[in-house]
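Read-outs throughout are calculated quantities, based only on the coordinates presented, and are distinct from any laboratory measurement. These numbers were taken from a predicted model, which means no experiment stands behind them. FYI the Cβ positions are ideal-geometry reconstructions off the backbone, even for glycines, and counts take in every protein chain you see.
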Amino acid sequence: MNLERYTRQTILKDFGIESQEKLAQSKVLVIGAGGLGIPVLTYLNAMGVGTLGIVDADEVSVSNLHRQVLYCENDVGKSKVAVVIKRLTSQNSNTKLIPYQTFLDRENALDFIRAYDLVVDATDNFPTRYLINDACVILKKPYVYGALHSFEGQISVFNYQGGPTYRCLFPNMPSANEIPNCNEHGVLGIIPGIVGNLQALEVVKVLTGIGEVLSGKLLLYNGLDQNIQKVKFSCNPANLEIEALETAYAFDCPSALNSIDASDFEQLLEIENIQAIDVRTLQEYEQFHLKNTTCNPLKELESWKQQINFNKPIYLICQSGVRSLKAQLYLQEYKPKANIINVNGGINKLRSYADKH
């Protein structure tokens, strides 16, 4: 370890060489290399965390650039993980960087998380958060949480030294109609940087033992008025007793709704002339889309629902499966007898599946 490199933090009385050595020996898994993941990875790498695992199967898009500041214009279309590894290596060649070119799912979560001391949630969807939580409880790993919405952010640390878990704060998975997402509601570019850095700070505190960890407290940040609040919440002991992952992690929806796995949908798309509707924005669709699909954005659903042939199956797809699920819920209510099928995991899962085969 090059102590000269870290002298500005090791001279701190409450940090010192001992804390620096703890960072060097630590292994941190960062799930997501987007708006939150980029500042987390950049600062943990710069500060000397010994091993960083990076989980993401996405590619850089133009719409990422306003907030995911590690990426450049010539990175568009490239694997996020590949770009991150290259940039972090040039920043600090002493860090061991482990890429996972995939999305976290029920099949890989326990294997990935088991090898690390701590997990950082830099994702943007509820099913993955519940999956991370349950895996961390099973493996007894602390979990640093961050979330974004418009001009606001949230940060907390779960499962730390027997403290509350994510399920203590959010016991139940919300329904699809209750979920905002950044594709529809947006996020101011600098907010992920602020929230991600606060997450990175919590990681350092957990690993070194300095300061007071945000366990049992939810920090709420509002960028418009620079207001910070802390809300306390208690631990439900039952949430510490999880011994196995759930059969599936998905939104709470009526059981009558039909769905199809992304890999099965891809094969179906190849062999049949099916009615497949992509409900992402036109900009997203033009950047990347599946052949034999049509683009009908979710926000314009009222105008295009009249064009649908409800006498044949309707397949709905979006980036992650959230917007297509919302469209499914609406259309199923509009035409209860229609066969409307949501593609689970959306484009993200399809790309992940393609990378494995």
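So if I average 1/r over every pair of distinct C-alpha atoms in region 76-130 and take the inverse, what Kirkwood radius in Å does that give?
Final number for the Kirkwood radius of region 76-130 is 13.1 Å.
Of Ala135, Val40, Gly211, which is farthest on the positive side of the dipole of the chain, counting Cα position, with +1 on Lys and Arg Cβ, -1 on Asp and Glu Cβ, and the Cα centre as origin?
The one lying farthest along the dipole's positive direction is Gly211.
Only bridges whose two residues both fall in the chain count here: according to DSSP, what percent of them are antiparallel, nearest 5?
If we restrict to bridges inside the chain, about 35 percent are antiparallel.
Given the DSSP H assignment, sum -39500 (n - 2.57) over each helix run of at least 4 residues in the chain and divide by its residue total; what's the result at 222 nm in deg cm²/dmol, nearest 500?
For the chain, the value works out to -10000 deg cm²/dmol.
Report the residues of region 291-309 in range of a label on Lys335: point 7 Å along Cα→C-beta, backbone N strictly under 19 Å from it.
293-309
Using just the alpha carbons, could you tell me how many Å³ per residue the convex hull of region 44-147 encloses?
Taking only Cα atoms, region 44-147 has a hull volume of 106 Å³ per residue.
Find out how many positive minus negative residues lie around Gly37, taking Lys and Arg as positive, Asp and Glu as negative, among other residues whose Cβ is under 13 Å from that of Gly37.
My count for the surroundings of Gly37 gives -1.
Where q = 0.21 Å⁻¹, what log10 of I(q)/I(0) comes from the Debye formula for region 101-238, counting one point per Cα?
The calculated log intensity ratios at q = 0.21 Å⁻¹ are -1.46.
Could you compute the FRET efficiency for Lys312 and Val62, with r as their C-beta to C-beta distance and R0 at 35 Å, rounded to 0.05?
0.50
Using a Förster distance of 22 angstrom, determine the FRET efficiency expected from the C-beta separation of Arg8 and Asn94, and round it to 0.05.
After rounding to 0.05, the efficiency reads 0.85.
Could I have the simple spin-label model distance between Met1 and Leu220, label points 7 Å from Cα toward Cβ, reported in nm to one decimal?
That separation, rounded to one decimal, is 3.9 nm.
How do the peptides 257-267, 195-205 rank, highest first, by the average count of neighbouring beta carbon atoms within 10 Å per residue?
Top of the packing list down: 195-205, 257-267.
Tell me the label-point distance for the pair Glu270, Ala238, using the 7 Å Cα-to-Cβ offset, in nm and rounded to one decimal.
Placing both labels 7 Å along Cα→Cβ, they lie 4.6 nm apart.
With unit charges on the beta carbons (Lys and Arg positive, Asp and Glu negative) and the dipole taken about the Cα centre of the chain, which residue among Gly77, Phe233, Pro313 sits farthest to the positive side?
Checking the options against the dipole of the chain, the answer is Phe233.
Tell me the angle of helix 346-356 to the major Cα principal axis of the chain, expressed in degrees between 0 and 90 and rounded to the nearest ten.
The two axes meet at around 70 degrees.
Can you compute the charge dipole magnitude of region 7-240 about its Cα centre, using +1 on each Lys and Arg Cβ and -1 on each Asp and Glu Cβ, nothing else charged? Give it in debye, rounded to the nearest 20.
Once rounded to the nearest 20, the dipole reads 600 debye.
No solvent, one uniform scatterer per C-alpha: report log10 I(q)/I(0) for region 258-356 via the Debye equation at q = 0.15, 0.19 1/Å, two decimals.
Taken in order of the listed q values, log10 I(q)/I(0) reads -0.52, -0.85.
Quick one: work out Rg over Rh on the C-alpha atoms of region 99-139, Rh as Kirkwood radius.
Looking at region 99-139, the ratio lands at 0.90.
Which of Lys291/Lys349; Lys78/Lys299; Lys291/Lys312; Lys86/Lys217; Lys305/Lys326; Lys78/Lys326 have a Cα-Cα distance over 25 Å?
Pairs exceeding the cut-off: Lys78/Lys299; Lys86/Lys217; Lys78/Lys326.
Starting from the exponent 0.38 and prefactor 2.2 Å, build the expected Rg for the chain from its residue count and divide its actual Cα Rg by it.
Cα-based Rg divided by the globular estimate yields 1.03.
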